[in-house]
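For reference, the structure discussed in these notes is given below.
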Amino acid sequence: MSNSEFKPISVRPMDEYNQRLVSYVHPFDWVNPEPADYYDLVVIGAGTAGLVVAAGAAGLDVGLKVALVEKHLMGGDCLNYGCVPSKCIIRSARVIGEMYQARDFGVILPHSVEVDFPSVMERMRKIRAGISHHDSVERFQKLGIDVFLGSAGFTSKNTVEVAGKSLRFKKAVIATGARASKLAISGIEEAGYLTNETVFSLTQRPQRLAVIGGGPIGAELAQAFGRLGCEVILFHRGSHILNKEDTDAAEILQNIFIRENIRLVLNSEIENVETVSGGKRIYFNSKGLRDSVTVDEILAGAGRTPNIEGLNLEAVGVEYDSRRGVFVNDFLQTSNPQIYAAGDICMDWKFTHAADAAARIVIKNTLFSPFGFGKQKLSSLIMPWVTYTDPEIAHVGMYESQAQAQGIDVNTILIPFNTVDRAIADGEEKGFVKILHRQGRDEILGATIVARHAGEMISEITTAIVNKIGLSKLSNVIHPYPTQAEAIKKAADAYRRTLLTPKTKQFLGLLTKLS
C-alpha cells in the first residue's frame, strides 16, 4: 500500500494513550507486504475470531501461508470498543457502588464523594493502550502472518482484493464482526447519539444520559454511568430489563437499579427525538401514556448489525442476510465450502469467548478435517455468559423455560446467598445459585448465578457440564470456607439429600441407634 492510498485512523481523543493504541493496531506508517503466490488461509477481520484463527494456523509451524486483513483497528470490538474499555469503566463504577454501602460496614465517608470523570476515562485509555500490543500488527507479523490493512472484497472464487492487491487463497475465513445497529427513530440521526464505538471517547461527563435498550449492554453501561454521576434514564421495550435472562436474576438487578435512582421506562416506544436548546428531547410512549424527557446524550445499547458491506459475497457464492449476517452450517462453513465464518458476523452468541471458541472450530475444520480428523460442531459447545452489572449475572446451559419447551422434566435447586456465610459477611445476601438438573438424575442442565463475582464462579458449573460431572460428584468437591462458591456445594448437597428416601432415612436412624 502506498502512502497515498493509506488512510490514517484516529481514535478520539488523540492523546498519548490513544496514539499508542493506534501505533499498535493500525500504525500510520504501515506498508502492506507484497502478496504471496497463494495463501493456505486468508482471514478477513482482525477481531477476536480472526486473530485466533490466524495465530492458530500460523502457530502450527507446518509452513502454512496465512494472510490477515483488517480495515480498521486490530483487536476489533473487544479491545477497542467492548470488553476492555467497558470493564475498565465498570471497575471505577464499582468503587462508587462500594461507597454507597460504606455506612452498612461501619465506614463513615465525607459528605460528598467526587468522581473525576475525565480521570476515569483516561485510566481506561491507558489500560487499553497498555495491552493493545497483544493484538498489534507487529506481533502478528512476527508470527509469520502477512498483515494487510485496508478493505477487503472477494473478486473471484479464490481471490480477495485489499488496497489494490490480489490475494489468492485455498480457504478463507470471514470474521468481520458486527456493529451497533442504527436506530429507526425519527430525528435521532440529526440529534446524534452514542454507541459502543463512540461512548468511550467521552472526556466530559454528560449530566443527563438516556440509554436505549435494557439488555446486557444497556444494563451494564446504564449502571456504570449512573454510578459515575450521570442522571440515567433507561428505555426498554420489554416489561422488565434483561427480559431474556432468568426472571429471578433480572428482578434482583431491576430493584437495585431503582434503588440507585436509575429511571426505568419500561414497555416503551420512542417516537422521535429533536434537538432543543437544553439538549436532546426524546418523545416516547410508555404503557399508553405519552411523555418527553430532555437529556445531554443518548446511548444506543440495543441491536447489532453484521459487517457485510463491501465483501462482495455474491462473487464467491456466500449466502447472507443483512440482518443475520453470513449463513453457516454447524461446522461454520458457508454456502461456499472453501469459505468459513466465525464470530459476530454469523453467530447468535455475540461474546468474545464465543468468537474464540468458534475460531478454534474453524482451525480444526479447515486445516485438520481434510486429513481424516473429525469435524467439530458449533452446537457441541457449552457456552457460559455474564452480564457485568453489580451484582453480575452469569448463566450456562438451559433455562427452565427452554427445558420445558423441549419436554424435559427438570428439578431446580436454589441456594439463596442469605444462607451462605461468606455472602452474609460480605453484605451480599441478595444473590443466589440456581442449578437445573434432569428429574431423577444428577445431570446438570443449566445454572444461573447472581453474585458480585458470578463470572468467576460459573466456570465450575460449566466444567461440570462439559465433563458430564453430576451433582453427586460435585458434592464431593471440597470448597474453601468461607467462600461464596460454597453455594455450589450446598446445591450439590441439596441434591444428595433428595436421594434419602424414607426407607433409607429409617435404616440410617436404626444404624445410629445401634451405634
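The values are calculated or read from the model by the stated rules, or taken from the named source; none is laboratory data. Everything numeric in this text was worked out from a predicted model, so none of it was measured. Cβ: placed from backbone, ideal geometry, glycine included. Neighbour counts: every protein chain shown.
Would you mind stating whether residue 36 is in the same structural domain as residue 137 (by TED's automatic domain parsing), surrounded by fewer than 18 Cβ atoms within 10 Å (Cβ to Cβ) and either in contact with a strand residue (DSSP E or B) (Cβ under 7 Å, 6 or more places away or on another chain) or at pLDDT below 95 (or both)?
Against the criterion (in the same structural domain as residue 137 (by TED's automatic domain parsing), surrounded by fewer than 18 Cβ atoms within 10 Å (Cβ to Cβ) and either in contact with a strand residue (DSSP E or B) (Cβ under 7 Å, 6 or more places away or on another chain) or at pLDDT below 95 (or both)), residue 36 qualifies.
Which of (1) surrounded by fewer than 21 Cβ atoms within 10 Å (Cβ to Cβ); (2) out of contact with any Gly (no Cβ under 8 Å at 6 or more places or on another chain); (3) not β-branched (Val, Ile, Thr) is the odd one out, the single condition residue 264 does not satisfy?
Condition (2) is where residue 264 drops out.
Results for (1) among the β-branched types (Val, Ile, Thr); (2) surrounded by 14 or more Cβ atoms within 10 Å (Cβ to Cβ), shown as yes or no for each residue.
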residue: 259; (1), (2): no, no
residue: 279; (1), (2): no, yes
residue: 287; (1), (2): no, no
residue: 293; (1), (2): yes, yes
residue: 296; (1), (2): no, yes
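Applying the selection to the range 211-247, what residues are assigned to a helix (DSSP H, G or I) and crowded, with 16+ Cβ neighbours inside 10 Å?
216, 217, 218, 219, 220, 221, 222, 223, 224, 225, 226, 227
Please state which one of 153, 192, 187, 177 is among the small types (Gly, Ala, Ser) and over 30 Å from residue 220 (Cβ atoms).
Being among the small types (Gly, Ala, Ser) and over 30 Å from residue 220 (Cβ atoms) holds for just one of 153, 192, 187, 177, which is 153.
Within the range 317-335, identify whether any single residue is among the charged types (D, E, K, R), more than 30 Å from residue 249 (Cα to Cα) and in a helix (DSSP H, G or I), and answer yes or no.
No, there is no match, as no residue in the range 317-335 is among the charged types (D, E, K, R), more than 30 Å from residue 249 (Cα to Cα) and in a helix (DSSP H, G or I).
Considering 366, 352, 334, which residue is under 30 Å from residue 256 (Cβ atoms) and crowded, with 17+ Cβ neighbours inside 10 Å? Working first, answer last.
Numbers: 366 fails: under 30 Å from residue 256 (Cβ atoms); 334 fails: under 30 Å from residue 256 (Cβ atoms).
Of 366, 352, 334, the one residue that is under 30 Å from residue 256 (Cβ atoms) and crowded, with 17+ Cβ neighbours inside 10 Å is 352.
Looking only at the range 261-283, which residues are within 22 Å of residue 227 (Cα to Cα) and outside any strand (DSSP E or B)?
Listed by number, the residues that qualify are 261, 262, 266.
Given the conditions (1) out of contact with any strand residue (DSSP E or B) (no Cβ under 6 Å at 6 or more places or on another chain); (2) of a type in the set (Lys, Arg); (3) in a strand (DSSP E or B), and given that residue 170 satisfies all but one, which numbered condition is not satisfied?
Just one mismatch for residue 170, condition (1).
Exactly one condition in (1) more than 26 Å from residue 200 (Cβ to Cβ); (2) modelled with pLDDT of 95 or more; (3) out of contact with any Leu (no Cβ under 6 Å at 6 or more places or on another chain) is not met by residue 103; state its number.
Among (1) more than 26 Å from residue 200 (Cβ to Cβ); (2) modelled with pLDDT of 95 or more; (3) out of contact with any Leu (no Cβ under 6 Å at 6 or more places or on another chain), the lone unmet condition for residue 103 is (2).
How many of the residues making up the range 207-252 are closer than 12 Å to residue 299 by Cβ and of a type in the set (Val, Ile, Thr)?
5
So, residue 106, is that one in the same structural domain as residue 350 (by TED's automatic domain parsing), surrounded by fewer than 19 Cβ atoms within 10 Å (Cβ to Cβ), of a type in the set (Gly, Ala, Ser) and farther than 16 Å from residue 147 by Cβ or not?
Spelling it out, it is not the case that residue 106 is in the same structural domain as residue 350 (by TED's automatic domain parsing), surrounded by fewer than 19 Cβ atoms within 10 Å (Cβ to Cβ), of a type in the set (Gly, Ala, Ser) and farther than 16 Å from residue 147 by Cβ.
For a quick check of your reading: which helices (runs of 4 or more DSSP H) sit entirely within the range 1-111 and have at least 3 residues that are of a type in the set (S, T, N, Q)? Spell out how you get there, then give the answer.
Numbers: elements: 16-25, 48-58, 76-80, 83-100.
The helices (runs of 4 or more DSSP H) meeting that bar are 16-25.
Somewhere in the range 117-127, is a residue without any contact (Cβ under 8 Å) to a residue 40 or more places away in the chain, surrounded by fewer than 20 Cβ atoms within 10 Å (Cβ to Cβ), more than 24 Å from the chain's Cα centre (by Cα) and over 16 Å from residue 34 (Cα atoms)?
Yes; the residues of the range 117-127 include at least one that is without any contact (Cβ under 8 Å) to a residue 40 or more places away in the chain, surrounded by fewer than 20 Cβ atoms within 10 Å (Cβ to Cβ), more than 24 Å from the chain's Cα centre (by Cα) and over 16 Å from residue 34 (Cα atoms).
When you look at residue 387, is it touching a Gly at 6+ places or on another chain (Cβ under 9 Å) and either farther than 22 Å from residue 75 by Cα or in contact (Cβ under 8 Å) with a residue 60 or more places away in the chain (or both), yes or no?
yes
Yes or no, residue by residue, for (1) β-branched (Val, Ile, Thr); (2) outside the structural domain of residue 412 (by TED's automatic domain parsing); (3) under 25 Å from residue 417 (Cα atoms); (4) in contact with a helix residue (DSSP H, G or I) (Cβ under 8 Å, 6 or more places away or on another chain):
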{"position": "207", "(1), (2), (3), (4)": "no, yes, no, no"}
{"position": "219", "(1), (2), (3), (4)": "no, yes, yes, yes"}
{"position": "225", "(1), (2), (3), (4)": "no, yes, no, yes"}
{"position": "231", "(1), (2), (3), (4)": "no, yes, no, no"}
{"position": "241", "(1), (2), (3), (4)": "yes, yes, yes, yes"}
{"position": "254", "(1), (2), (3), (4)": "no, yes, yes, no"}
{"position": "264", "(1), (2), (3), (4)": "no, yes, no, yes"}
{"position": "295", "(1), (2), (3), (4)": "yes, yes, no, no"}
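Looking at this structure, is residue 131 not assigned by TED's automatic domain parsing to the domain that holds residue 424, not in a loop (DSSP other than H, G, I, E, B) and not aromatic (Phe, Trp, Tyr)?
Yes; evaluated as a whole, the condition is true for this residue.
Looking at the range 351-367, can you tell me whether even one residue there is over 30 Å from residue 460 (Cβ atoms) and outside the structural domain of residue 205 (by TED's automatic domain parsing)? Talk me through it step by step, then tell me what you get.
The first filter runs over the range 351-367 and keeps only residues over 30 Å from residue 460 (Cβ atoms), leaving 366-367.
Right, trim to outside the structural domain of residue 205 (by TED's automatic domain parsing) and you get 366-367.
Yes, the conditions are met somewhere in the range 351-367.
For residue 124, which of the numbered conditions (1) of a type in the set (A, V, I, L, M); (2) under 19 Å from residue 226 (Cα atoms); (3) assigned to a loop (DSSP other than H, G, I, E, B) fails to hold?
It is condition (3) that residue 124 fails.
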